[in-house]
1. Kindly indicate the residue of region 45-60 that is open to solvent by less than 50 Å² (accessible area, probe 1.4 Å) and free of Cβ contacts under 8 Å to residues at least 12 places away in the same chain and also farthest from the chain's Cα centre (by Cα) among those meeting that condition.
2. So Gln87 ticks every box in (1) outside any helix (DSSP H, G or I); (2) touching a Phe, Trp or Tyr at 6+ places or on another chain (Cβ under 8 Å); (3) at pLDDT below 85 but one. Which box is left unticked?
3. If you go through region 23-38, how many residues are within 13 Å of the chain's Cα centre (by Cα), farther than 24 Å from Gly7 by Cβ and of a type outside the set (D, E, K, R)?
4. Which residues, counting only those in region 1-44, are of a type in the set (Lys, Arg), exposed (fewer than 10 other Cβ atoms within 10 Å of the Cβ) and closer than 21 Å to Leu72 by Cβ?
Amino acid sequence: MQSERPGRPSSVIGPLGQPLTIEDLPPRNTKRWVIRRKAEVVAGVRAGLITLEEACEMYTLTLEEFMSWQRLIDEHGLYGLRITRLQDYRRQEEDSTGVTPFPYPA
């Protein structure tokens, strides 16, 4: 399905397997980034619904923040986006490389 924006789809498949449109993306003023919202933004960028630059500008994200969401999805699935799991993933990284990505509280 083509959109009114030439060269871009009007809908894509979202992270939960349902159609995702520009209107379905999180609002610009989103402050609470739950798993679903992060995953929708990543899916929208990956499928060409919005560009990476548009997403970063729209949601006031840094490139590093967006790339970390994308990496966490790739490595751990949607639940990798849970904030409470980040410390576990960092510890796994440390155990496999022997290097601490950044200091942990003692």
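The values are calculated or read from the model by the stated rules, or taken from the named source; none is laboratory data. All of these numbers come straight from a predicted model, not from anything done at the bench. A quick note on method: Cβ atoms are made from the backbone with ideal geometry, for glycine too, and the neighbour counts reach across all protein chains shown. Surface accessibility is based on the protein's heavy atoms, side chains included, excluding ligands, DNA and RNA. Shrake-Rupley method; radii C 1.70, N 1.55, O 1.52, S 1.80 Å.
1. Within region 45-60, the match that is farthest from the chain's Cα centre (by Cα) is Thr51.
2. Single failed check for Gln87: (1).
3. Residues flagged as within 13 Å of the chain's Cα centre (by Cα), farther than 24 Å from Gly7 by Cβ and of a type outside the set (D, E, K, R) within region 23-38 amount to 3.
4. Correct list: Lys31, Arg32.
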